[in-house]
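This report refers to the structure that appears directly beneath it.
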Amino acid sequence: MINPADLLEPLAWSQSTILCLLVLLLPLFSFIVIAILPNTQAKASAWVGMFMTLIASIISVHLLIAGWQGAGIHSRVEWFSFGHLPPFTVGVLLNDPALLMLVVVTVISFLVHLFSTAYMAGDAGYKKYFGFLGLFTFSMLGIILADNVLVIFIFWELVGLSSYLLISHWNHKESAIKAAKKAFIVNRVGDVGFIIGLAILWSQFNTLDLEALKVLMQASTIENGQWIAGAHSVSLPWLTAAGICLFLGAMGKSAQFPLQVWLPDAMEGPTPVSALIHAATMVAAGVYLMARVFPLMSIDALTFVAIIGSVTAFMGAIAALAQHDIKKVLAFSTISQLGYMLMGMGVGAYDAALFHLFTHAFFKACLFLSAGAIIHALHDYAHRADIHFDAQDMRNMGGLRKYLPFTFIAYLVSTLALIGIPFFSGYLSKDALLSGAYAWADLMSERTLSWHYLVPDLGFITVVLTALYMVRQLLLVFFGDFRIADERSIEANIKVKDVPWVMKTALSILALMSFGFIWSLNPLNHSLSWFLSALKTPTILVPGMNGNWQNNLVELAEHNHMQVTVISVFMIVIGGLVAWFIYRPKGKYAINYFSRQGASNVWQWLSFNNWYLDEIYNDFIIQPIEVLSQKLQLLDTKVIDNFIDKFAIFNIILGHLTAWVDRNIVDGLVNFSVYFVGRVGLMTKSMQGGKVQSYIALAFVGILIFIFWIIW
Amino acid sequence: MSSEYYFILAAALFCIGLAVIITKKNAVMVLMGVELVLNAANINFVAVNKNNLVSLDGQFFALFVIVMAAAEAAVGLAIILKLFKYYKTTELDKINQLKG
Amino acid sequence: MLNNYLLSIIIFLPLIAALVVAFIPGKFKGAFKYIALGIASLQVLIAIVLLSGYDASYAGVNHLNEFQFLENVPWFDIHLSSFGHISADYIVGVDGLNMSMVLLSVVVMLIGTIASWNIKTREKGYFSLLLLLNGAILGCFLSLDFLLFYLFFEFMLLPMYFLIGLWGGVRREYASIKFFLYTLFGSIFILIAMIALNLSVVDPAATAVEAGLVQEGQVVSNEIVEQVQQSLAAGQLSRENLVHTFNMVYMTDPANYIPGSIMDYKVMKVILGQEGRLLMFLLLFIGFAIKIPVVPLHTWLPDAHVEAPTPISVILAGVLLKIGGYGLMRTAFMIIPDGVGYYGWMMGLLGVISIIYGALNALGSKDLKKMIAYSSVSHMGFVLLGLASGTTEGVSGAVYQMVSHGVISAALFLIVGVIYERGHDRIIQNYSGLINKMPRYTIFTVIFFFASLGLPGFSGFIAEIFVLLGSFNSSVVNGFLPKWMTIIAALGLIFSAAYYLWTIQRMFFGKFFTKIEVSNDELTDLNTREYVMLVPLVILALLMGVFPSFLLDMINNSIAVFTDVIGQYGDIIQQN
């Protein structure tokens, strides 16, 4: 039996640990400095934020180069302890995925800072905005570095807070505040699952340290349907429940079905925030969490993850089809891609899922920032032309490639990456994912026809849909005519201006990362990428695990890779062609697009309203809870209080009753005796008539009586 | 002659005296009733001592009572006079300030 | 020298000051608040001295000699011939269970005194009552003699009743009477249990003197005590020589119980179809549950809070509620640990109901103060759930929650006070967009709302997460609580996020609007006095959230003993 306390000895700090902590604390420092800065120094806040994140990204790149494929770092100190339980530790656990995440987060954060200096210029909340960006970066880095699931949860909640604060940045907008609230509460739903997951692990192992958990998990056994770890044992389903509960947390943060509803609304925040938080980093935290706890997930739990992931990928892609808001399309696309990643985790393609996380982080950030650049340019245009229109609505766009050529190229590159065209980064990672999923289905179904094939199939359908909605967006935004200008017949001399160079810098770096050759020397074969060959899938340590399961998966995936590539490229071509056919410039759809309202048939409405999930939740969860809460208020004031008041009134009545008894019966006896005596007095009064003679007579009678009494 | 007759006489006299005291309205008449009662007692004293030849206690007591009665009558009449002066009447029914 | 009487000083200093204030002529009314402030600050200083002299390695709890700063003076000893003696002592001391409570109460009392700065009517009465309350609260936390505890517990009601009833809002009479009667109702149950305990427990040391085993004035050695306990168990002591005691520490030792008495742990006496000890546990639980408060015995709280003036709400939520939790730990749990296993399930369920019910009611409240009052019910539900779990992390979490809630709810009521003072209105819907007029106020509100909804980094998170972990663990460790209770309780976290964020959305964000006309110079941002109150609370909540070891190290040994005692009985119950 392993004593958990032995696994929790403090671990020494190295130079790298201190660098990690520096990376972690620099953004926090930026937040604090900006908070202290006086309101007049708004410009300085951007510089502070940029400077801190730049240093943090330089240090992270240094750490990556120094520590890549190394043994990893694990430093740990004791945080606090309870009674005689093993101490609670906190520390830094740096392995290859963490190193990569570190770089991705700091670099994208820096680029977003850079981009925002132009995008947010002149905003009233400029200083606040950069402060919160610092807070977010700090919390996100915390998730990456923490070696303890509870500490991950702590930073998990903190990114939720920063997300809340940033979405509600324009806090005079009702929709923004509601979106922020929704994001936080929906995330909380997932977090409750996360807490239960923590509780299961805690009650079995009495620690939440990741490394210790792995050792203890491996040492735990299954006997007679009981999952036994040391002195603690629970029934077996809790083992799977632990994994599913942790995944619930990931479901919230990574916007997985059925908790994906918050992400489209979160687009109310400033667009660079959407790029950083709601596309590249925070929403990927769920995938990263799954990667961290991957060895603790049972096969059943992973299957659950795979199903949810593939369903979300499909649902997100469908919902992206009929949107008119440029950011909403990207938001649903993010949901869909996150579904891919979690499907990858679920099918055991750990490395592919992480790979997709990184490639997606760059090209989706690039897409969002490009969208931001477009919105920025259109706002500027609207301001100069003095017309009011929704700068995010694609119906008001069209033909922008002429005015924003640089943005167009960046957008095109990242779109191709997202669709998964060969030679672009998305192709590599998506292929790895799909072959993994296919291999998993083969293995799980033992090559018989089974529902397991639905998982990769949904993945393939999503490939078609992805190509469809992205090509649609590309065509509607950049090709054809500039619709708002045509419709409003604006004077020719006012044109959409190109965006400032800071934006272009950020876009170009991100677009560069979307090319396949960055990630793999052979951009056609993902298995040759430096990334995948370096990442090792950790062994699943859950008791009762078939040791060959993971090896079989890898073999099968390599085996079917060629088929998957062919199928998916074929799918992309179909999707792209269909999109071109429907949405081509001068086509029927494009010509009528400006005056298009919502959607035209049931399926489009379904897509437009994101499967009516919001309405369903509103009718079946939110409304009943609101009604319940009001009813409970009534219960409190009308029933319980009423009972108390009635009880009090009953007591008062009882009091009156006893008072009556007191007055009339107890007092009555006293009064009666007084009355009686009084009557007697009245009766005898007449004897004292003041007549001397009658006194004498009475005295005589008295003496007589006395004498008689003595004699007898 | 047995003493019985003296006692009967005395009792009769006492009763007459008492009746006079209780029934008469005039204070003087009441005083006279008192004299009768006292004399009834005197008769008893003397009658009881009739057969005792050694001592004359009864007789002496009777004499003493007579003297006392004279004094008492004097005081009583003086009070009645005072009462008459104050109330302008000697009717006992009217002098009822003791009434509760 | 003075060190030996620190606890008496901290208790009686405000009581004496209350008398002094009462005798100062009314024309010096400006001086009263300074006296109260001086006393409260002095108490904080004494508490710091206490803290510096406090040795966390002693557990206390059920060993009288492990209590620190102990003062033990006989109070009275009445000889009742064949019944024996009834004795009570003046015992005050600190251990891990009440040290944190003392620290919390001096801080909250100081904040409460500063919050009273704007009291402009009947200052003399107000501040003398406030000082009276102050002394009674500390007395309650520090006494180790049940009679003394009960005395202070009851004594607290009097100033509280007048403070709500005289300085309160519109429905103050109703609220104050409701508060008074509710608590008094609970006290009766405690009184019954106290008498039953007194009838059943002897003071072995004093009994030894009475039985002639040692000379009066001599030190009673442990051997003698054991000898007395053995002959007590054997029934060899004459009833006349038994010294019945109110000492709560003696009550924790099963050997001090008279065989065949109501509370005897060996031969359970059945009263009203319930074993005597368990019945007494239930009585104590009801008594303290009203104070905590536990649904459905909570309805005094929203009324009292809504009607009470701001400083009194602060003290009520910050300290008074904790006396319920603390009293439960000190008396019911420690004296009758066998009751925990028996009623653990019920207590856990009530805790869960309080969490959910309080949160839903907060969601439905229209009055900001009422909402926060209900959130108190919800958060105190975590205390009950943690205590009922009987696990180390659960109980630690419960104690942590008491301290954390003391700090955070105090701040929340201050925040309500700020807006009520300026806008003369507390209805949430009557405000909107306050961030535009009062940005700093909004920042503090958002900070405390998030602290209260259990955001990591603030104290509430540590408390709630460990209550949840502990209650979940309970099914494995001692079997008191089923697992589903934790899952339901965790849902409370969603609701608390919902009502706080909804309030932020409605009151603070959006376009500026007030229903009642408020002039611009009235709706000012926070002033210096309010900063002085709020900033320390933010710092405290943050420090406790980031460095939990400060508080946990202080209570760890005591909690370990506490859970061990409960665990032993839990095992017995599981075996049966």
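Would you work out which of A:Gly230, A:Asn171, A:Val192 lies farthest towards the positive end of the dipole of the stretch A:157-252? Charges go on Cβ: Lys and Arg +1, Asp and Glu -1.
A:Asn171
Report, in degrees rounded to the nearest 10, the 0 to 90 angle that the Cα long axis of helix C:146-155 makes with the longest principal axis of chain C.
30 degrees
Ordering C:Asp55, A:Asp96 from largest to smallest accessible area (1.4 angstrom probe), what's the sequence?
Accessible-area ranking of C:Asp55, A:Asp96, largest first: C:Asp55, A:Asp96.
Round to the nearest 0.05 the FRET efficiency obtained for A:Leu512 and C:Ser549 when R0 = 35 Å and r is the Cβ-Cβ distance.
It comes out at approximately 0.15.
Can you give me the % of accessible surface on the stretch B:21-91 that is carbon or sulfur? Probe 1.4 Å, all protein chains present, nothing else counted.
Carbon with sulfur: 76 percent of the solvent-accessible area.
Express in nm, to one decimal, how much length is gained between A:Tyr612 and A:Ile32 on full extension, taking 0.36 nm for each residue of separation and deducting their alpha carbon distance.
204.6 nm
From the protein chains alone at 1.4 Å, what is the descending order of accessible area for A:Trp712, C:Trp75, largest first?
A:Trp712, C:Trp75
Which FRET efficiency, nearest 0.05, do A:Phe643 and A:Glu9 yield, Cβ-Cβ r, R0 35 Å?
Once the sixth-power term is evaluated, E becomes 0.05.
Taking loop as defined by DSSP and a crowding limit of 15 other beta carbons within 10 Å, which trypsin sites (Lys or Arg not before Pro) in the stretch B:1-71 fit?
B:Lys25, B:Lys50
To the nearest 10 degrees, how steep is helix A:549-583 against the longest Cα principal axis of chain A, on a 0 to 90 scale?
It is inclined by approximately 80 degrees.
What is the mean number of Cβ atoms from other protein chains located within 10 Å of the Cβ atom of each residue in peptide A:81-91, rounded to a whole number?
Taking all residues of A:81-91 together, the mean is 6.
Please report, to one decimal in angstroms, the Kirkwood hydrodynamic radius of the stretch A:1-81 built from all distinct Cα-Cα pairs.
15.2 Å
Can you compute log10 of I(q)/I(0) for the stretch B:3-87 with the Debye formula, treating each Cα as one identical point scatterer, at q = 0.16, 0.18, 0.22, 0.25 Å⁻¹?
The Cα Debye sum returns log10 ratios of -0.67, -0.78, -1.00, -1.13.
Rounded to the nearest Å, what's the spacing between the alpha carbon centres of the stretch A:290-310 and the stretch A:9-76? Just the number, please.
31 Å
Given labels modelled 7 Å from the Cα in the Cβ direction, how far is it in nm from A:Ile582 to A:Asn548?
The answer from the label model is 4.6 nm.
Taking θ as phi - 60°, what are the ³J(HN,Hα) couplings along the stretch C:450-466 by the Karplus curve (6.51, -1.76, 1.60), each to the nearest whole Hz, with x for Gly and Pro?
Running phi through 6.51 cos²θ - 1.76 cosθ + 1.60 with θ = phi - 60° gives 5, 4, 6, 7, x, 6, x, x, 10, 4, x, 5, 3, 5, 5, 5, 7 Hz.
Amide H of A:Phe424: which non-local residues (sequence gap of 5 or more, or other chain) have their own amide H closer than 5 Å, using H built in the peptide plane?
A:Gly516
Just to confirm my numbers, what's the Cα centroid distance between the stretch B:47-65 and the stretch A:567-629 in Å?
150 Å
Read phi for every residue in the stretch A:417-428 and hand back ³J(HN,Hα) as whole Hz from Karplus 6.51 cos²θ - 1.76 cosθ + 1.60, θ = phi - 60°, with x for Gly and Pro.
5, 5, 5, x, 6, x, 6, 10, 4, x, 4, 4
Measure nothing fancy, just the Cα-based angle from helix A:126-145's long axis to the longest principal axis of chain A, in degrees from 0 to 90, nearest 10.
80 degrees
Quick one: 3J(HN,Hα) in Hz for the stretch A:595-605, Karplus 6.51/-1.76/1.60 with θ = phi - 60°, rounded, Gly and Pro as x.
9, 5, 10, x, 9, 10, 9, 4, 5, 5, 4
Rounded to whole Å, give me the distance from the Cα center of the stretch C:90-138 to that of the stretch C:356-377.
Value for the Cα centre distance between the two parts: 26 Å.
Quick one: putting +1 on the C-beta of Lys and Arg, -1 on the C-beta of Asp and Glu, what dipole do you get for the protein assembly as shown around its Cα centre, in Debye to the nearest 20?
In total the dipole reaches around 4740 debye.
In terms of Cα to Cα distance under 30 Å, which lysines are near enough to A:Lys430, apart from those fewer than 8 places away along the same chain?
A:Lys430 reaches A:Lys214, A:Lys253, A:Lys327, A:Lys328, A:Lys364, A:Lys504, A:Lys536.
How far is it, in nm, from the label point at C:Phe23 to the one at A:Trp47 when both lie 7 Å from their Cα along the line to the Cβ?
6.6 nm
Grab the beta carbon distance between A:Asn224 and A:Trp709, set R0 = 60 Å, and tell me the FRET efficiency rounded to 0.05.
Efficiency, from the Cβ-Cβ distance: 0.05.
Could you tell me the accessible area of B:Lys88 in Å² (1.4 Å probe, neighbours in place), rounded to the nearest ten?
Spelled out: B:Lys88, probe radius 1.4 Å, area about 150 Å².
Positive end of the dipole of the protein assembly as shown, charges at C-beta (+1 Lys, Arg; -1 Asp, Glu), about the Cα centre: which of C:Gly60, A:Leu433, A:Val273 has its Cα farthest in that direction?
A:Val273
Keeping all protein chains in place, calculate the accessible area per residue for chain C (probe 1.4 angstrom), answer in Å².
Accessible area per residue: 32 Å².
Taking H as built 1.01 Å from N, whose amide H comes closer than 5 Å to the amide H of A:Asn148, not counting residues under 5 places away?
Excluding prolines and chain starts, which carry no amide H, the hits are A:Gly91, A:Leu210.
Treat every Asp and Glu Cβ in the stretch C:402-485 as -1 and every Lys and Arg Cβ as +1, leave all other atoms uncharged, and give the resulting dipole magnitude about the Cα centre to the nearest 20 debye.
For this selection, approximately 120 debye.
Determine the per residue accessible area of chain A with all protein chains present and a 1.4 angstrom probe, expressed in square angstrom.
Result: 40 Å² per residue.
What dipole magnitude, in Debye to the nearest 20, does the stretch A:378-441 give about its Cα centre under +1 on Lys/Arg Cβ and -1 on Asp/Glu Cβ?
180 debye
Anything in chain B that counts as a DSSP H helix reaching 30 Å or more along its axis (C-alpha) with Kyte-Doolittle mean of at least -0.5? List them, would you?
Helix filter hits for chain B: B:27-49, B:57-87.
Please return the longest range in chain C lying between exposed loop sites, taking trypsin sites (Lys or Arg not before Pro), DSSP loop only, at most 16 other beta-carbon atoms within 10 Å, and leaving the sites out.
C:367-510
Please report the equivalent ellipsoid semi-axes of the stretch C:343-455, computed as sqrt(5 x eigenvalue) of the Cα gyration tensor, largest first, in whole Å.
Equivalent-ellipsoid dimensions as semi-axes: 30, 15, 9 Å.
What does the structure give for A:633-642 when I average, per residue, the other chain Cβ atoms found within 10 Å of the residue Cβ?
That average works out to 5.
Report, by chain and number, residues whose modeled amide H sits under 5 Å from the one on C:Val295, excluding near sequence neighbours (fewer than 5 apart, same chain).
Residues meeting the amide H criterion: C:Ser354.
Run the count for the stretch B:3-87, please: Lys pairs, Cα-Cα under 25 angstrom, 8 or more apart or on different chains.
Lysine pairs, 8 or more places apart or on different chains, close enough: 4.
Using just the helices of chain A, give the 222 nm mean residue ellipticity in deg cm²/dmol: DSSP H runs with n ≥ 4 each add -39,500 (n - 2.57), and the total is spread over all residues, rounded to 500.
Computed ellipticity for chain A at 222 nm equals -22500 deg cm²/dmol.
Report the full-extension gain for the segment A:Trp501 to A:Ala71: residue separation times 0.36 nm, less the Cα-Cα distance, to one decimal in nm.
150.7 nm
Using a probe radius of 1.4 Å on protein heavy atoms only, what is the accessible area buried between chains A and C, both sides summed, to the nearest 100 Å²?
Accessible area lost upon association: around 5000 Å².
Work out, in µm²/s and without decimals, the Stokes-Einstein translational diffusion coefficient of the protein assembly as shown at 37 °C, 0.692 mPa s, Rh from Kirkwood over C-alpha pairs.
Calculated translational D: 88 µm²/s.
Can you pull the one-decimal nm distance between simple spin-label points at B:Gln97 and A:Asp481, each 7 Å off the Cα toward Cβ?
Result: 13.6 nm between the two label points.
What translational diffusion coefficient, in µm²/s and rounded to a whole number, does the Stokes-Einstein relation yield for chain A at 37 °C and a viscosity of 0.692 mPa s, taking the hydrodynamic radius as the Kirkwood radius over Cα pairs?
For these conditions, the coefficient is 114 µm²/s.
The values are calculated or read from the model by the stated rules, or taken from the named source; none is laboratory data. In this text the structure is predicted, and so the values were computed from the model without any measurement. A quick note on method: Cβ atoms are made from the backbone with ideal geometry, for glycine too, and the neighbour counts reach across all protein chains shown. Just the protein is used for accessible areas: all its heavy atoms, side chains included, with ligands, DNA and RNA removed. Shrake-Rupley method; radii C 1.70, N 1.55, O 1.52, S 1.80 Å.
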